[in-house]
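Participant: The structure follows.
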Amino acid sequence: MAQFACISVDSQGQKIETRHEAASIQEVSSFLRTRGLTPVSINKIKKEALARQIAREFFALLRPKQIKMSEVASFFRQLATMLEGGVNLSECLDGLSSQTENKHFAHLLR
């Protein structure tokens, strides 16, 4: 399945930006319509762009004094290995959060 970035409009005309995992653009469009939303744009997200965006959001949450960069680097190496091995993201995060010794980092991963 692929990731899609979606911009849609609700019944009050408010713009809503979401991300969805689906097999096709048509599937995403159908899903949005069943929720009462009108799709404005649906774009497939490249894996590299998605990884960069997730990393950017993740780093924004980090507090420099509480989580060392070496812990973050180790986490991403392990995460990449697990994802390449076919483990789904939620299982990766559960496993990695239980392995980390830093309580703040473990809480962030949950």
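FYI, it's all coordinate maths here, none of it is from the lab. Every value quoted in this text rests on a predicted model; they were computed, and no experiment measured them. No Cβ is skipped: glycine too gets one built from the backbone with ideal geometry, and neighbour counts run over all protein chains shown.
Participant: Starting from the Cα of LYS46, draw a straight line to each of the aspartates and glutamates and keep only those under 15 Å, dropping any in the same chain fewer than 8 residues away.
Facilitator: Within reach: GLU21.
Participant: Let me ask something else. Rounded to the nearest 0.05, what FRET efficiency do GLN99 and PHE59 have when you use their Cβ-Cβ distance and R0 = 22 Å?
Facilitator: According to the calculation, E is roughly 0.65.
Participant: Could I ask something else about it? Please tell me the relative contact order of the chain in percent, rounded to the nearest whole number, where contacts are Cα pairs under 8 Å and at least six residues apart.
Facilitator: 19
Participant: Could you state the angle between the C-alpha long axis of helix 89-99 and the longest principal axis of the C-alpha atoms of the chain, as a value from 0 to 90 degrees rounded to the nearest 10?
Facilitator: 20
Participant: Right, another one. So what is the relative contact order of the range 47-109, in percent, for Cα pairs below 8 Å that sit 6 or more residues apart?
Facilitator: RCO, the range 47-109: 28 percent.
Participant: May I pose another question? So between ALA2 and GLU91, what do we pick up on full extension, going 0.36 nm a residue minus the alpha carbon distance?
Facilitator: Length gained between ALA2 and GLU91: 30.2 nm.
Participant: While we're here: Viscosity 1.306 mPa s, temperature 10 °C: Stokes-Einstein D of the range 24-94 from its Kirkwood Cα radius, in µm² per second?
Facilitator: 107
Participant: Quick one: Karplus J couplings for the range 77-87, per residue in order, coefficients 6.51, -1.76, 1.60, θ = phi - 60°, nearest Hz, x for Gly and Pro?
Facilitator: 5, 5, 4, 4, 4, 5, 5, 5, x, x, 7
Participant: Moving on. Give me the net charge for the shell around ARG110: Cβ to Cβ below 14 angstrom, other residues only, Lys and Arg +1, Asp and Glu -1.
Facilitator: In short, -1.
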